[in-house]
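Visitor: Okay, handing you the structure first.
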Amino acid sequence: MLKLSMIFLQCWLGFCFTASAWAIDPEDLLQPDEAFQLHAELKDANNLLLNWDIADGYYLYRHKIKFVSLTPGVQAGQPVFPAGQTKQDRNFGSVEVYRDQLQVELPIQRQQAKAVKLELEVTFQGCADIGICYMPIQKVIAFDLPDRTVTSQSKALPPG
């Protein structure tokens, strides 16, 4: 009986030490704003550029990035994403992710050409390589959109 108790104790201690080696210390994780730094700017009167600086060891899911205008009469168009990396995710299957840097161009569609203040809700979600995912992150960013009198559709003719 003593031998069986010793074997059980050795197995239990082995499990405890192994489990503690697999434990993740929350202090090791970056805060969401550090892991996924979002910067946005106007490209022109009809387009925004949204840039994420993504910390080493972290990634963003493409399918979890959403843009919603909170300004009446202004809509977010179809975002233009660069190619990402394919990742086999245990929860979502095969997904596209971004590491290091992400730049998205977002067209803005508005009903009137006059200047307007745009409030844009940006939602995104990412994870750390150590196996921890963040809850979806929501940011509201504001832009003063200029008059749409000069559009990106106006192009100069090539020299003749």
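The values are calculated or read from the model by the stated rules, or taken from the named source; none is laboratory data. Just so you know, these numbers come straight off a predicted model, no measurement behind them. Glycine also receives a Cβ, built like all others from the backbone with ideal geometry; neighbour counts cover every protein chain displayed.
Visitor: Of the numbered conditions (1) modelled with pLDDT of 95 or more; (2) under 22 Å from Ala35 (Cα atoms), Ala76 fails exactly one; give the number of that condition.
Guide: Among (1) modelled with pLDDT of 95 or more; (2) under 22 Å from Ala35 (Cα atoms), the lone unmet condition for Ala76 is (2).
Visitor: If we scan the range 63-86, do we find a residue that is in a strand (DSSP E or B), touching a residue at least 60 places away in the same chain (Cβ under 8 Å) and over 18 Å from Arg148 (Cβ atoms)?
Guide: No: zero hits.
Visitor: Identify the residue in the range 11-47 that is modelled with pLDDT of 55 or more and in a helix (DSSP H, G or I) and, among all such residues, is nearest to Asp144 (Cα to Cα).
Guide: Asp33
Visitor: Still on this structure, please answer the following. Quick one: would you say Leu118 is touching a strand residue (DSSP E or B) at 6+ places or on another chain (Cβ under 7 Å), buried (at least 17 other Cβ atoms within 10 Å of the Cβ), modelled with pLDDT under 95 and assigned to a strand (DSSP E or B)?
Guide: So Leu118 fits the description; yes.
Visitor: Leu102 versus (1) in contact (Cβ under 8 Å) with a residue 60 or more places away in the chain; (2) assigned to a strand (DSSP E or B): which is the lone unmet condition?
Guide: Status for Leu102: all satisfied but (1).
Visitor: Also, quick follow-up: Does Leu50 satisfy being within 13 Å of the chain's Cα centre (by Cα), closer than 20 Å to Ile137 by Cβ and either at pLDDT below 95 or surrounded by 15 or more Cβ atoms within 10 Å (Cβ to Cβ) (or both)?
Guide: yes
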